[in-house]
Amino acid sequence: MNKTSFRSILVLMALANTVPMAVAHSVENSYTTVIRAGIDVPAAAKATVSKRYPDVKQVKWEKEDGNYEANLTHNGKELSLIIDAKGNILETETTIAESALPASVREYVAKHHAGKKIKEAAEIVDVKGKKTYEAEVGGKDLLFDTNGQFIK
């Protein structure tokens with residue numbers, strides 16, 4: 001195989017891996033955003049993230065229930081923000097250690113999902129400041145109130 005053919009194959013392979021995602025681009029030279037194909041993220045939503053997290057270098061955007069989800073890492077923690085088209089943050093989800101969940105959450109999982117482990121844990125704060133906890137168990141997201149009582 002000649003060098004030109006080999007290079008062409010490498011380019012095609014690289015392009016094939018990026019098809020599901022739109023091309024990454026710089027927004028106001030402050031961070032890189034990756035947007036799933038077919039999503040047009042409003043400037044107000046992007047501006048909210050860049051103002052609130054100016055040190056964040058990469059944001060991944062998705063569409064969620066008519067709003068926009070920004071996924072990023074800040075101070076070593078994974079965050080997911082639900083933002084409306086006007087740039088208002090509706091919900092913030094922060095990944096936490098399983099041990100940071102209320103003990104009653106871990107007890108509930110042990111009792112009702114015996115033999116299964118918590119794959120991911122998160123603290124969710126809505127626009128009104130209401131805090132809930134989420135535990136991913138067996139492919140399902142379980143939601144708990146601030147006292148660790150099961151909601152759904």
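Quickly run through the range 126-152 and pick out the residues that are exposed (fewer than 11 other Cβ atoms within 10 Å of the Cβ) and at positive phi.
Selection gives Gly129, Gly139.
Taking Lys152 as the residue in question, decide whether it is among the basic types (Lys, Arg), free of Cβ contacts under 8 Å to residues at least 40 places away in the same chain and in a strand (DSSP E or B).
no
Every number in this text was worked out from the coordinates using simple rules, so none of it is lab data. Treat the numbers as computed from the prediction; the structure is a model and nothing was measured. Every residue, glycine among them, receives a Cβ derived from its backbone with ideal geometry; neighbour counts consider all protein chains shown.
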